[in-house]
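Written below as structure tokens is the structure these notes are about.
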Amino acid sequence: MKTKTIQIEDGKGGKTTAVYEHPYVVRLCHWANTISLFVLIGSGLQIFRAFPSFGRKVPQTDLINWPKSLAIGGWLGGALQWHLTFMWIYLATGVIYLGYQLFSGNYRQVLFTSPRLRGRVADGAPVFFLRPEAATAGSL
Amino acid sequence: MALYTDKRKFRVASRRELLKLLPLTALGAFSVPKFQEPLLKKGLAFSDWISDKFFRSHHLAPTFEATDLTPLDKFYVNTFDVDDPEVDLDHWSLAVSGEVQKPGNYNLEVIKALPRLSQNTRHICVEGWDVIGRFGGARLADFLAMVGADPHARFITVECADSYYESVDMATALHPQSLLCYEMYDKPLTREHGAPLRLGMPTKIGYKQAKYLTTLTVTNVLSKVGYWEDQGYSEFYSI
């Protein structure tokens, strides 16, 4: 597991070591997802806006008429272009992320693995089952 | 908040950080008007390309029981211009041209002489609504075989009496459920639903189901794709 450390001030005049807990690829994928989801939600709202109320003819009504200012794409065709394009970018980011986790072994940092879980189940059980007296007496 | 105490170190580190952000700034190209449209067009074309690869020629779209049908009077009429382009139904014929052995004008009797197929299928609009309708007509594949269309040609294009136009990839045109539709709900097409002849392809989105057909061309090159596609909609849009 590769982590990057930097020296920062500890606030008392001295220095302490800070650790980037998440590797570069993970952070990059995170921000790429932030952009993708922003676009996907915005263009999704524009796609919602295209749903018409036909009144008598087809008795369906719009659930919510989203404000145009929240929507991306301008019209249905434009919104679909944004939506479909960023769908692929989102998917590609996911593939890169999962591939990185798998091949770098970094998934051990993210997922619970059996060595880390050993003994912890008993520690957590009182909290999980809402028995405060047991929890305060326990090691948590 | 001063995380980095050493200014020089800070500069080196931040330059490296900026460089690492390059993949994200690449996404920023989408905010540049000059690149935006070509990039989005590429994204859509990629989507269409994938859809094309996943299209299964003999996989059938779902069909429904008669009890599931949307009543004809609730089947929404969607047109881009007029509901009735006033086709002269008595003197109508379909002008066939392009990569075919027998080009010419084919009237409705010739098309009705082909085996008739009636199917209850879902008609889905890009706007988000859908209806289940009963569509009857001749298989497009049978018609293309009759006129001797080159099955290796890439597209068929149609033009309509209301100056709408559309194109369909050959794999979809040859799909066993793709119809030259002259009936809806076992009655001849009404004018607002595209009399006398429309496309009925349950593997495609609604705006591809062109009405009031006047010409059909088999071709390898598309000079224009379709009325809506040329404004930015998906060209393939299978469902």
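The values are calculated or read from the model by the stated rules, or taken from the named source; none is laboratory data. Just so it is clear, the model here is predicted, and its values are computed rather than measured. Cβ: placed from backbone, ideal geometry, glycine included. Neighbour counts: every protein chain shown.
Some points to look at:
- Selection status of A:Thr3, away from every other protein chain (no Cβ under 11 Å), at pLDDT below 85 and under 27 Å from the mean Cα position of the chain (by Cα): yes
- All told, B:Ala45 meets the bar of being at negative phi and in a helix (DSSP H, G or I).
Results for (1) among the aromatic types (Phe, Trp, Tyr); (2) away from chain A (no Cβ under 14 Å), shown as yes or no for each residue.
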{"site": "B:Lys41", "(1), (2)": "no, no"}
{"site": "B:Ile50", "(1), (2)": "no, no"}
{"site": "B:Pro62", "(1), (2)": "no, yes"}
{"site": "B:Tyr76", "(1), (2)": "yes, no"}
{"site": "B:Asp81", "(1), (2)": "no, yes"}
{"site": "B:Glu86", "(1), (2)": "no, yes"}
{"site": "B:Glu99", "(1), (2)": "no, yes"}
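- Subset of the stretch B:18-39 [hydrophobic (A, V, I, L, M, F, W, C), more than 10 Å from chain A (Cβ to nearest Cβ), assigned to a helix (DSSP H, G or I) and surrounded by fewer than 11 Cβ atoms within 10 Å (Cβ to Cβ)]: B:Leu18, B:Leu19
- Being out of contact with any strand residue (DSSP E or B) (no Cβ under 9 Å at 6 or more places or on another chain), more than 10 Å from every other protein chain (Cβ to nearest Cβ) and either modelled with pLDDT under 85 or closer than 12 Å to B:Gly43 by Cβ (or both) is a description that does not apply to A:Gly44.
- Residue within the stretch B:201-212 that is on the phi > 0 side of the Ramachandran plot and among the hydroxyl-bearing types (Ser, Thr, Tyr) present: yes
- In the set B:Thr79, B:Thr157, only one residue is at pLDDT 95 or above and out of contact with any Cys (no Cβ under 8 Å at 6 or more places or on another chain); that residue is B:Thr157.
- Cβ separations smaller than 6 Å between residues 6+ apart or across chains give the following pairs from the stretch A:72-96 residues that are over 15 Å from B:Asp48 (Cα atoms) and more than 9 Å from chain B (Cβ to nearest Cβ) to residues that are among the small types (Gly, Ala, Ser) and surrounded by fewer than 21 Cβ atoms within 10 Å (Cβ to Cβ): A:Ile72/A:Gly42.
- Matching residues, the stretch B:215-225, being closer than 17 Å to B:Cys160 by Cβ and surrounded by fewer than 22 Cβ atoms within 10 Å (Cβ to Cβ): B:Thr215, B:Thr217, B:Thr219, B:Leu222, B:Ser223, B:Lys224, B:Val225
- Residue list for the stretch B:71-86, restricted to those being out of contact with any strand residue (DSSP E or B) (no Cβ under 8 Å at 6 or more places or on another chain) and in a loop (DSSP other than H, G, I, E, B): B:Pro71, B:Val77, B:Asn78, B:Thr79, B:Phe80, B:Asp81, B:Val82, B:Asp83, B:Asp84, B:Glu86
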